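Contents: one structure, followed by commentary.
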Amino acid sequence: MSDIKEVSIKKLKGIGEKTSIPLSRLNINSIYDLLNYYPRDYSTYNPIKEVKDAKDGEKIALYLTIFQSASLIKTSKMNIIKAVGFDNTGKVDITFFRQDYLTRVLKKNTMKVFYGKVTVKGTSVKMDAPEIYDYNDYINLTKNLNPIYSLTKSVTNRALIKYVHEALNEFIPLDETLDENILSKTKLISYNDAIKLIHFPKDYSDVRMARNRLAFEEFLEFFREINEKKKELLDKKSDFSIIETADVTRFIEKLPFELTSGQKSAINDITSDLTSGIVMNRLIQGDVGSGKTLVSLIAILTVASNGLSSALMAPTEVLANQHYKTIEDYNEKYNLGLKIALLTGSVSAKNKREIKEKAANGEYNLIIGTHALIEDDVVIKNLALTVTDEMHRFGVNQREKLSDKGNNIHNLIMSATPIPRSLAQALYANLNVSIIPDKPANRLAIKNAVLLKEDRAKAYSVINKELCLGHQAYVICPMALENEDETSLKDVVTYSKELQEIFGNKYNIQYLHGQLSAKDKDKIMNDFKDGNIDILVSTTVIEVGIDVPNATVIMIENAERFGLSQLHQIRGRVGRGDAQSYCMFINCNPTDESIERLDVVYHSNDGFHIANEDLRLRGPGDVLGVRQSGVMLFKIADIYTDSKMLFLAKQIADEEMN
């Protein structure tokens, strides 16, 4: 395996310096990267139809004879290729763009299969830029599942399929990565077969076999790391003598509200850990809006009042800024005496140097930041506590690197991703867990609605009503960019334009997705926070990281495509202020299954109940799962869809440790 990790993608035919650049945007730089770039879905090619059966907007295959050789029309903007194809039932006008070579392919009386979307108006049938296949090649495509990959600009699905085929032909067989004893125990297929079948399965039973093997290996590696860490941390003595102080008690007494019972219980757990003389490794698991930040602040204040320092690491700059502002507001309002610094990637080089120098000298007792905190030259004097927010956004090694900034320091981890107890016990076996099940009393329950795509006008009306009240709205789409293989799914770029037409210039509508630069993402998120954007059309990048109390309505397109826990996380972007909030789930594919699943989030705002239902409703036939749960940084494994593999991997890892 080590050899293909070192082999550049440019070794494949047709990939040169220029072609490799867009592939690198997908983190495909080596043959190993390519073979481990798994499909996100699969499609089947439909049987060939006749022209008379073509329906407007439908994506179909037509077996046509070219009437006259294709003609080339040169324009100032681009070259256009025109051809006419026919079968026994009718003719089709076919247009291609910037593909001059087709004049040599589409000669008179040539017979080809054309696959693409048709436009039908009366007796006129047209096709723009269809895929072209030889008859036998197309028939073979109809017999198998065909991979659909996540794409970026200048990389087509067809190109990726071609590259993967070439890589498999050239580098198979691949080295086995599990020993024979594990393969014998688990009855899993070989790594070689798993890679072939995950890309080019005949049916979904092939996908399941491949996925089981690849998910198992990811989980096994994870649990091996967890077990190593568990051995290290068992009853590890802390280097810090921490006691309870009056500062913390006074702060809690001054708060204009009473802490929830869940917050009080979590604070008691943390205080007990910090004063025990043993290193704390605790997870605070609380639903969205349950008040975890305040709990972590009390831990930070306990440490600071003992003359020691803390570091809080968040996965995004927006979230780091948010924590900084929230804690600084408490600090000023209640005179907590915290000396706080914010260290993120966008901080100027000069300010970074100054912050790092002061941190090393002990002039701060709290540093809040992103991955910038774990850079080698960051030294924090008297560091006694690390707080990691949304831990599943960081790898195990990244979390350890923060802990390694001090000796035998306490670790507090926060997560707003409620997961079923059985899975939590496996995933968090090396952590003590405190759960905050309740929310502050002043929060109104979000009002939910499940609508069909035909009812979007009702959703737009609710959005307009909230905007007229001076509030803001989110619209969530499953895709960043338009994809011809997924015409039924909404993408943020196209949809933001559609919404601008619907709402007119009255409102500022902007879009956000993961392929934008970090700088652009942060600017858009901050503009939305500051109230400069009325409607933010986004992918799930907003799932964690934006706290905008003025946003009171969220509309989730293609809601049937997401996991229930993820839908709950997304919904948690609203309902963060005192005003009534609304969430509308648009079910674009109302099957019995999707209706049952969305009924769960319609009737409940309880993340833990939803997590259990999510696990229950993921049956063995749910090969791909719905959208990844986002819990932990797994490449293909999903703790819900692949829960059997998770428990099997834990069993094997535990046997190895004993």
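The values are calculated or read from the model by the stated rules, or taken from the named source; none is laboratory data. In this text the structure is predicted, and so the values were computed from the model without any measurement. In this analysis, Cβ positions are derived from the backbone assuming ideal geometry, glycine residues included, and neighbour counts consider all displayed protein chains.
Conditions tested, residue by residue: (1) more than 30 Å from T110 (Cβ to Cβ); (2) in a helix (DSSP H, G or I); (3) among the hydrophobic types (A, V, I, L, M, F, W, C); (4) in contact (Cβ under 8 Å) with a residue 40 or more places away in the chain.
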{"residue": "L168", "(1), (2), (3), (4)": "yes, yes, yes, yes"}
{"residue": "I189", "(1), (2), (3), (4)": "yes, no, yes, no"}
{"residue": "N192", "(1), (2), (3), (4)": "yes, yes, no, no"}
{"residue": "K202", "(1), (2), (3), (4)": "yes, no, no, yes"}
{"residue": "S205", "(1), (2), (3), (4)": "yes, yes, no, no"}
{"residue": "L220", "(1), (2), (3), (4)": "yes, yes, yes, yes"}
{"residue": "N227", "(1), (2), (3), (4)": "yes, yes, no, yes"}
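Taken over the stretch 142-159, the criterion of being farther than 17 Å from L197 by Cβ and in a helix (DSSP H, G or I) is satisfied by T142, N157, R158, A159. Out of the residues in the stretch 298-345 meeting the condition of being under 19 Å from A266 (Cβ atoms) and of a type in the set (S, T, Y), tell me which one is surrounded by the most Cβ atoms within 10 Å (Cβ to Cβ). Once the filter is applied, the top-ranked residue is S310.
Pairing each residue of the stretch 86-102 that is closer than 22 Å to E50 by Cβ with any residue that is assigned to a strand (DSSP E or B) and among the charged types (D, E, K, R), provided the two are 6+ apart or on different chains, yields C-beta distances under 7 Å for V92/K126; D93/K126; T95/K82; T95/D128. Restricting attention to the stretch 596-613, the residues that are in contact with a helix residue (DSSP H, G or I) (Cβ under 9 Å, 6 or more places away or on another chain) and either in a strand (DSSP E or B) or not polar (S, T, N, Q) (or both) add up to 12.
For the stretch 426-446, the candidate set comprises residues that are surrounded by 15 or more Cβ atoms within 10 Å (Cβ to Cβ) and within 23 Å of R597 (Cα to Cα); within that set, the residue that is modelled with the highest pLDDT is I446.
Listed here are the residues, each with its yes/no results for (1) within 30 Å of Y204 (Cβ to Cβ); (2) modelled with pLDDT of 90 or more; (3) hydrophobic (A, V, I, L, M, F, W, C).
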residue: Y101; (1), (2), (3): no, yes, no
residue: V105; (1), (2), (3): no, yes, yes
residue: V120; (1), (2), (3): no, yes, yes
residue: P130; (1), (2), (3): yes, yes, no
residue: Y133; (1), (2), (3): yes, yes, no
residue: L141; (1), (2), (3): yes, no, yes
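Scanning the stretch 55-89 for residues that are out of contact with any Ser or Thr (no Cβ under 9 Å at 6 or more places or on another chain) and either hydroxyl-bearing (S, T, Y) or more than 22 Å from T103 (Cβ to Cβ) (or both) gives K55, E58, I60, Y63, T75, S76, N88, T89.
Tally time: how many residues in the stretch 138-155 are without any contact (Cβ under 8 Å) to a residue 40 or more places away in the chain and touching a helix residue (DSSP H, G or I) at 6+ places or on another chain (Cβ under 9 Å)? The total comes to 0. F257 falls short on exactly one of the conditions (1) in a helix (DSSP H, G or I); (2) more than 30 Å from G406 (Cβ to Cβ); (3) in contact (Cβ under 8 Å) with a residue 24 or more places away in the chain, and that condition is (1). Determine if the stretch 549-558 includes at least one residue that is crowded, with 20+ Cβ neighbours inside 10 Å, in a loop (DSSP other than H, G, I, E, B) and modelled with pLDDT under 90. For the stretch 549-558, residues crowded, with 20+ Cβ neighbours inside 10 Å, in a loop (DSSP other than H, G, I, E, B) and modelled with pLDDT under 90: absent. Total residues in the stretch 102-137 satisfying the condition of being under 12 Å from A61 (Cβ atoms) and in contact with an Asp or Glu (Cβ under 8 Å, 6 or more places away or on another chain): the figure is 8. Taken over the stretch 1-16, the residue count meeting the criterion of being outside any loop (DSSP other than H, G, I, E, B) and either at pLDDT 90 or above or of a type in the set (A, V, I, L, M) (or both) is 5. Once the stretch 38-80 is narrowed to residues that are assigned to a strand (DSSP E or B) and of a type in the set (K, R), the residue that is nearest to K196 (Cα to Cα) is K59.
When the stretch 39-75 is filtered for residues that are at pLDDT 95 or above, among the hydroxyl-bearing types (S, T, Y) and surrounded by 17 or more Cβ atoms within 10 Å (Cβ to Cβ), only Y63 remains.
When the residues of the stretch 447-488 are filtered to those that are under 24 Å from T44 (Cα atoms) and surrounded by fewer than 17 Cβ atoms within 10 Å (Cβ to Cβ), the one that is modelled with the highest pLDDT is L481. So V623 clears everything in (1) under 30 Å from P440 (Cα atoms); (2) modelled with pLDDT under 85; (3) in contact with a helix residue (DSSP H, G or I) (Cβ under 7 Å, 6 or more places away or on another chain) except one condition, right? Which one? All conditions are met except number (1).
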